[in-house]
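This report concerns only the one structure given below.
Please treat every number below as a calculation from the coordinates, not as lab data. On a predicted model such as this, the values are computed, not experimentally measured, just so you know. Cβ placement follows ideal geometry from the backbone for every residue including glycine, while neighbour counts extend to all protein chains displayed.
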Amino acid sequence: MKPVTRFAPSPTGYMHIGNLRSALYAFLLSKHEGGTFILRIEDTDRERFVEGATDVIKETLKITGLTYDEGPDVGGEHGPYIQSERLPIYREYAKKLIDLGHAYYCFCSKERLESLHGEDGVGGYDRHCRNLTQEEIDAELAKGTPYVIRQKMPEEGVTSYVDAVYGEISTENKELQDQILMKADGYPTYNFCHVIDDHLMGVTHVVRGCEYLTSTPKYALLYDAYGWERPTYIHLPLMMGRGADGTVSKLSKRHGAVSFAALLADGYLSEAIINYIALLGWCPKGTENEFFTLEEMIRVFTVDGINKSSAVFDYEKLLWFNGEYIRRMTPMAFKEAALPFLGEHSLPEDKLDMVLSLVQPRIEKLSQIREKIGFFLTLPDYDATALFPNKKNKVTLENAKDLLLAARDTLSEAPEFKSDALFAALGAKAEELAVKAGAILWCVRIAASGQAVTPGGATEILEVLGKDESLLRIDEALKKLS
Ligand code: GLU
């Protein structure tokens, strides 16, 4: 049987990268064997409902290429795929569970339940309604008393399951609460409806974060109560973040951007993010390679490569990955990705292409483009006395002016304002003056850019600026030096 997996996010309004990793692993697991990947929206917690959140989820899966075979917009034989559209199904199965003797109506008032809690606010339900007679139940129902439906947990014994990553997980049944399956508002709880859906949708492998690891015996008991075959459980290690003080805790905003959209906005590439988070908790077998396309991941992904120990999200490492991905892009792909990060600019198309080719090897995320190219657009105000002197190139405040004047002569006579030709001409001029070519080029670069470190060398910058602007900037420098 081919695996059927699902990604079952709650529409919270953003895609946490921990969730995205769950989606990725579920996708890879099913696709590795040509199985089915389902998207199901778990929106039964109406208080947490966020308008438009489902679109964020769908958009993320689209950008990342985690294509689902069944889901809210694509349909499928197990729909609907949005839980709030499946309420009659949950009611029917809750009734069924009552008939099977594994669930019961609870009519306890809020006040009564609150009185059960200790001062610390904790304390379990005392199973007050667990053994009501049928007459008592019928009477309350006839009166229209609000009720919830609770799971009737076994009082003795142990419930265990074998998690594919964490091994055997067991719980003493006497520790289990009679958890609510259906709430008074007619909505199911996650604890109930995800089990019903996973079964009805034929899910064979449940892949999700390990926060569900210890509550899964309760879900396994539901499968047993209906006489259904349990799925294989694959819980994923926590994604952690390292704080400024070195301490490690669950990855959250205080560690950095944690949503997929925020990372994209910061100039990370979808492919780099996916590649990086794939390796956070999974180690491909038999290869040292760290770079994987989605297709390659599908090919090599196996559950036994998933680690138990929590993985620390390393922003430096992601940045490095991203830089590698940027360098591997075709110029066209880079341009397309870079355009939204350029902001206002007046560079003509051919100059823009040249600027992009200069920055592509020199940035690690797209949001660094703007600061890298700023000087092409406007000459920054700079301190000539600080920038011109350079030991290595034998440039001093005294000779800088002469070097620039010589460069200006050469440039103003240059028939063609192209980097290679300018490089040759300035080199020849240096030879004529018996100075190092580096000395002239250094001065030209400072004058043309107003900064010591630039993407590209002096003559590449000149070509982008064009003759008029280049000469203007050199004049500006000469003024500063006098
Ligand atoms: N809606 C749950 C969540 O977003 C899904 C957990 C699961 O995959 O079962 O955490």
Once fully extended, how much extra length lies between ALA244 and GLU295, figured as 0.36 nm per residue of separation less the alpha-carbon to alpha-carbon distance? 14.7 nm
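Using DSSP, restrict attention to beta bridges with both residues in region 141-237 and report what percent are antiparallel, rounded to the nearest 5.
On the way: 9 of 15 bridges.
In region 141-237, DSSP labels about 60 percent of beta bridges as antiparallel.
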Can you list, bin by bin at 20 Å, the percent of alpha carbon pairs in the chain, starting at 0? 19, 38, 23, 14, 6, 0
Restraint check, LYS372/LYS401; LYS31/LYS335; LYS62/LYS253; LYS250/LYS317; LYS218/LYS253; LYS96/LYS143, Cα-Cα greater than 20 Å: LYS372/LYS401; LYS31/LYS335; LYS62/LYS253; LYS218/LYS253; LYS96/LYS143
Distance between region 367-442 and region 240-292 - C-alpha centres, whole angstrom: 42
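Which value, in debye to the nearest 20, describes the size of the charge dipole of region 171-322 about its Cα centre when Lys and Arg Cβ atoms bear +1, Asp and Glu Cβ atoms bear -1, and nothing else is charged?
Numbers: 13 positive and 19 negative charges, 57 e Å.
Dipole magnitude for region 171-322 comes out near 280 debye.
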Listed residue (THR159, ALA142, TYR90) projecting farthest to the positive dipole end of region 62-206, Cβ model: ALA142
Computed P(r) (all Cα pairs; region 1-146; 5 Å bins; percent): 2, 8, 13, 14, 13, 12, 11, 11, 9, 6, 1, 0
Which of the aspartates and glutamates could a cross-linker bridge to LYS365, judged by Cα under 13 Å and excluding same-chain residues fewer than eight apart? ASP266, GLU271, GLU316, GLU324
Take every DSSP beta bridge with both residues inside the chain and express the antiparallel ones as a percent of the total, to the nearest 5. 55
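Between GLU114 and ARG46, how high is the FRET efficiency from 1/(1 + (r/R0)^6) when r is the Cβ-Cβ distance and R₀ = 22 Å? Nearest 0.05.
Once the sixth-power term is evaluated, E becomes 0.55.
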